[in-house]
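Asker: Got a structure here, written out as structure tokens. Questions coming.
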Ligand SMILES: [Zn+2]
């Protein structure tokens with residue numbers, strides 16, 4: 001884990017200027033996470049972002065069966081017209097998807113599945129009461145919570 005004054009990424013690499021500015025970036029192969037320094041001033045937001053980034057490592061180790069299950073859960077939500085998400089990272093991708101593209105597992109759909117998994121983990125495990133980016137209605141949060149309990153156990157899940 002490292003901190004930088006700003007985190008900018010272009011083409012999968014950190015850059016000094018240009019690119020996309022983010023709170024944090026994770027590089028799975030080199031097992032590195034880089035966070036924007038300002039996050040240290042906001043412990044709740046720090047926890048949310050750190051849990052999100054850590055779960056990028058969990059996603060790649062979940063296995064195809066569990067990843068497919070998560071994808072199916074998202075398809076069911078989407079088909080039922082569920083709006084909102086549990087973080088901006090998933091939400092902006094969701095807004096650009098259709099059910100057809102989600103079902104077809106396009107690149108954007110796969111990125112969305114991964115980001116919604118990490119955002120859901122942050123919602124569940126970072127210990128926040130609420131956040132402006134938690135826009136997914138409660139009735140859709142419940143199945144996600146159950147999915148995490150089913151796949152990762154219930155010891156870390158607040159009751
Ligand atoms: Zn992410």
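Asker: Remind me, relative contact order of the chain in percent, using alpha carbon pairs under 8 angstrom and six or more residues apart?
Answerer: On the way: 185 pairs, mean separation 32.8, N = 159.
Relative contact order comes out at 21 percent.
Asker: Calculated from DSSP H runs of 4 or more alone, at -39500 (n - 2.57) each and per residue, what is the 222 nm mean residue ellipticity of the chain, nearest 500? Let's see the in-between values first.
Answerer: Details: 6 runs with 82 residues, N = 159.
Helix contribution divided over all residues of the chain: -16500 deg cm²/dmol.
Asker: While we're on this one: What translational diffusion coefficient, to the nearest whole µm²/s, does the chain have by Stokes-Einstein, given a Kirkwood radius computed over alpha-carbon pairs, a temperature of 10 °C and 1.306 mPa s viscosity?
Answerer: Working: Rh = 16.3 Å.
Approximately 98 µm²/s, per Stokes-Einstein.
Asker: Remind me, what semi-axes does the range 1-93 give for its equivalent ellipsoid, largest first in whole Å, using sqrt of 5 times each Cα gyration tensor eigenvalue?
Answerer: On the way: eigenvalues 142, 51, 37 Å².
Values for the range 1-93, descending: 27, 16, 14 Å.
Asker: Between residue 42 and residue 68, what FRET efficiency comes out of the Förster formula 1/(1 + (r/R0)^6) with R0 = 35 Å and r the beta carbon distance, rounded to 0.05?
Answerer: Values: r = 36 Å, r/R0 = 1.02.
It comes out at approximately 0.45.
Asker: Could you check the spin-label model distance between residue 108 and residue 95? Points 7 Å from the Cα along Cα→Cβ, value in nm.
Answerer: Calculated label separation equals 1.2 nm.
Asker: In the range 1-41, what is the volume of the convex hull around the alpha carbon atoms, normalised per residue and reported in Å³? Intermediate results must be reported in sequence, preceding the final value.
Answerer: Working: hull volume 2.4 nm³, N = 41.
Each residue corresponds to 58 Å³ of Cα convex hull volume.
Asker: Name the most mobile residue of 109, 122, 138, meaning the one with the largest mean-square fluctuation, in a Gaussian network model of the chain with Cα contacts below 10 Å.
Answerer: 138
Asker: Sticking with this one: On a 0 to 90 degree scale, rounded to 10, what angle separates helix 43-61 from the longest Cα axis of the chain?
Answerer: Compared with the principal axis, the helix lies near 70 degrees.
Where a number appears in this text, it was derived from the coordinates with a stated rule and is not lab data. Everything quoted here is computed from the prediction, not taken from an experiment. Note that we place each Cβ from the backbone using ideal geometry, even for glycine, and neighbour counts take in every protein chain shown.
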